[in-house]
Amino acid sequence: MILDYLSKNEYITRKEVERLCGFSPSTSKRILKELREQEKIILEGQNKSSKYKFKK
């Protein structure tokens, strides 16, 4: 669902992941971390301004 969202939008935030997928904050952080480790997405920014994008 996250990768599908990113295929249609430039970026996604952790809050959007929580809202779209119904995940808790800890689950959304874990899934986003796994996607970063798999090099499917990259993190831009820090703290509340963090955004996740497809890795080019």
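The values are calculated or read from the model by the stated rules, or taken from the named source; none is laboratory data. These numbers come from a predicted model, not from an experiment. When we count neighbours, we look across all protein chains shown, and the Cβ atoms used for this are built from the backbone with ideal geometry, even at glycine.
Side notes on the structure shown:
- Within the stretch 36-45, the presence of at least one residue that is on the phi > 0 side of the Ramachandran plot and surrounded by 11 or more Cβ atoms within 10 Å (Cβ to Cβ) is confirmed.
- The stretch 8-31, residues that are without any contact (Cβ under 8 Å) to a residue 40 or more places away in the chain and among the hydroxyl-bearing types (Ser, Thr, Tyr): Thr13, Ser24, Ser26, Thr27, Ser28
- Residue ID - surrounded by the fewest Cβ atoms within 10 Å (Cβ to Cβ), chosen from residues in the stretch 16-34 that are touching a helix residue (DSSP H, G or I) at 6+ places or on another chain (Cβ under 9 Å) and within 11 Å of Tyr52 (Cα to Cα): Glu16
- Any pair with Cβ under 9 angstrom, 6 or more apart, that starts in the stretch 32-56 at a residue that is without any contact (Cβ under 8 Å) to a residue 24 or more places away in the chain and ends at one that is among the aromatic types (Phe, Trp, Tyr) and surrounded by 12 or more Cβ atoms within 10 Å (Cβ to Cβ): Arg36/Tyr52; Ile42/Tyr52; Ile42/Phe54; Leu43/Tyr52
Yes/no matrix, rows are residues, columns are (1) modelled with pLDDT of 95 or more; (2) among the polar types (S, T, N, Q); (3) in contact with a Cys (Cβ under 7 Å, 6 or more places away or on another chain):
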| site | (1), (2), (3) |
| --- | --- |
| Leu6 | yes, no, no |
| Thr13 | yes, yes, no |
| Ser24 | yes, yes, no |
| Thr27 | yes, yes, no |
| Ser50 | no, yes, no |
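- Selection within the stretch 1-15 - under 17 Å from Arg36 (Cα atoms) and either of a type outside the set (Val, Ile, Thr) or exposed (fewer than 14 other Cβ atoms within 10 Å of the Cβ) (or both): Met1, Leu3, Asp4, Tyr5, Leu6, Ser7, Glu10, Tyr11, Arg14, Lys15
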